Amino acid sequence: MCSLERCLRDSSTHRLGLGIARDLRRFLDQPLRNCPNSGTLQMTTKLTVGIVSRTFFNVSYWAAIERGYFSNEGIEVETIIYGNRSQVPLLLGGDLNIVIGTPEAAIENAVSGGTLRIIGGNTGKLTHSLIARGRFERVEDLRGATIGILNMTEGTFFQIKEMLSKHGLSYPRDYRVKETGGVPPRHKALIDGTIDAGLQSIPWSYVAEEVGLRNLGSIVDYIPDWQFVSINTDTRWARSNRSTVVGFLRAMIRGTEWVFRNKQGAAEIAARELPTPLKYAERAWEYYTETNAITRDVSISQPGLAKVIDVLIAERILPEAASRDPGAYVEPDYLREARRLSQ
């Protein structure tokens, strides 16, 4: 007997048939799992999730994996660390389904007429300190220095510029920048001496101080609101996979709530995943939960996102005519439904 694809190829509608065959094979390849609280079987959907680096911002995500919250939603996640690469082609090309990363790229894509949108929040306040090698005692001493950043279009680059400008330092006149990727590789670059300073989030800033690096100040004293991490996706994919997106957000809500309620367990996850000494992970938990830096309800900080938009326009990355309304870059329905189903 000929194969399903061979038979379909011989028909007048072979292109449509081949598509059906591929979809059928993909369907049959999906593993089955027991549906919670029932004896029925449920399909498990594989989801590829991108994160920038191993930082405390991702503890809720790791907790949702470890506690089985994604599994309960019929989701199997694969985590990809994409570093300082652009999330845009990865999302649009289907290499990543969801990104837990900076919102700037999604905003820029939306302004250009693209399909990326923010569907949830994660970190609505900055938790970074400006960490420098020991010979730098003040921010003003960084004149002529090399500062590590994520990249030139998102993340810490804009915050560094604003912070240093308050001390009379202007880019590129007074200092250089070097793309290092996220916080862990930036920590290594500081230790190795390939950069002189960089913004490091808690608890990496604690680790830096222990090894003799100098803390020159907290960024939140300069920028009180900034949507640093958001949950982003391609709305074309999301519309076709609505139940999966809602399930992902439900799991994130549960994971975040568990983190807020379980200091020791959350700290142990952070200590293992970053990795970092447990004492620093415990201090980090106290900071993130007490300041609501990680938003407990997975919401988006409206003032934080508005600040990001204002900076992107001021930096001429977005045109002056771009909407300053945070809602223009957010698709709220998925989170709204996830919250309703979580009650």
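Output the residue which, of all residues in the stretch 239-250 that are within 17 Å of the chain's Cα centre (by Cα) and under 9 Å from Tyr334 (Cα atoms), is surrounded by the most Cβ atoms within 10 Å (Cβ to Cβ).
By that ranking, first place goes to Val245.
So is Ala110 touching a residue at least 60 places away in the same chain (Cβ under 8 Å) and of a type in the set (Gly, Ala, Ser) or not?
When the stated conditions are applied, Ala110 passes them.
Is it the case that the stretch 88-99 has a residue that's touching a helix residue (DSSP H, G or I) at 6+ places or on another chain (Cβ under 7 Å) and among the charged types (D, E, K, R)?
no
Say we look at the stretch 251-261 and pick out the residues that are in contact (Cβ under 8 Å) with a residue 40 or more places away in the chain and under 26 Å from Trp204 (Cα atoms); which of these is surrounded by the fewest Cβ atoms within 10 Å (Cβ to Cβ)?
Per the stated criteria, the residue is Trp258.
Which of the residues that make up the stretch 203-229 are within 30 Å of Ala110 (Cβ to Cβ) and in contact with a helix residue (DSSP H, G or I) (Cβ under 7 Å, 6 or more places away or on another chain)?
Ile219, Tyr222, Ile223, Asp225, Trp226, Gln227, Val229
Among the candidates Ala266, Ala284, Ala321, single out the residue that is out of contact with any Pro (no Cβ under 7 Å at 6 or more places or on another chain), buried (at least 18 other Cβ atoms within 10 Å of the Cβ) and either within 24 Å of Lys161 (Cβ to Cβ) or not assigned by TED's automatic domain parsing to the domain that holds Thr156 (or both).
Ala266
Find all pairs meeting these conditions: Cβ atoms under 6 angstrom apart; at least six residues apart or on different chains; first residue within the stretch 153-175 and in the same structural domain as Gln200 (by TED's automatic domain parsing); second residue hydrophobic (A, V, I, L, M, F, W, C) and at pLDDT below 95.
Pairs that qualify, where the first residue is in the same structural domain as Gln200 (by TED's automatic domain parsing) and the partner is hydrophobic (A, V, I, L, M, F, W, C) and at pLDDT below 95, are Thr156/Leu150.
Can you list residue pairs whose Cβ atoms sit under 9 Å apart, with the first residue in the stretch 119-148 being without any contact (Cβ under 8 Å) to a residue 24 or more places away in the chain and the second being part of a strand (DSSP E or B)? Count only pairs 6 or more apart in sequence or on different chains.
Pairs that qualify, where the first residue is without any contact (Cβ under 8 Å) to a residue 24 or more places away in the chain and the partner is part of a strand (DSSP E or B), are Arg135/Arg214; Asp141/Ala132; Asp141/Leu216.
Looking for something within 20 Å of the chain's Cα centre (by Cα), part of a helix (DSSP H, G or I) and touching a residue at least 60 places away in the same chain (Cβ under 8 Å) - is there at least one such residue anywhere in the stretch 199-209?
yes
Suppose we filter Ile118, Ile147, Ile202 for residues that are crowded, with 22+ Cβ neighbours inside 10 Å, within 23 Å of Phe228 (Cα to Cα) and in the same structural domain as Asp310 (by TED's automatic domain parsing); which single one remains?
After ruling out the rest, the residue left standing is Ile118.
Among the residues of the stretch 70-84, is there at least one that is among the small types (Gly, Ala, Ser) and in contact with a Pro (Cβ under 8 Å, 6 or more places away or on another chain)?
Scanning the stretch 70-84 turns up at least one residue that is among the small types (Gly, Ala, Ser) and in contact with a Pro (Cβ under 8 Å, 6 or more places away or on another chain).
With (1) touching a residue at least 60 places away in the same chain (Cβ under 8 Å); (2) within 30 Å of Thr48 (Cβ to Cβ); (3) surrounded by fewer than 24 Cβ atoms within 10 Å (Cβ to Cβ); (4) under 20 Å from the mean Cα position of the chain (by Cα) as the list, and Ile219 as the residue in question, which single condition is left unmet?
Ile219 satisfies every listed condition except (2).
So which residues in the stretch 222-238 are surrounded by fewer than 23 Cβ atoms within 10 Å (Cβ to Cβ) and under 25 Å from Arg138 (Cα atoms), if there are any at all?
Tyr222, Ile223, Pro224, Asp225
The values are calculated or read from the model by the stated rules, or taken from the named source; none is laboratory data. Not measured: the values here are computed from a predicted model. Virtual Cβ from ideal backbone geometry, glycine too; neighbours counted across all protein chains shown.
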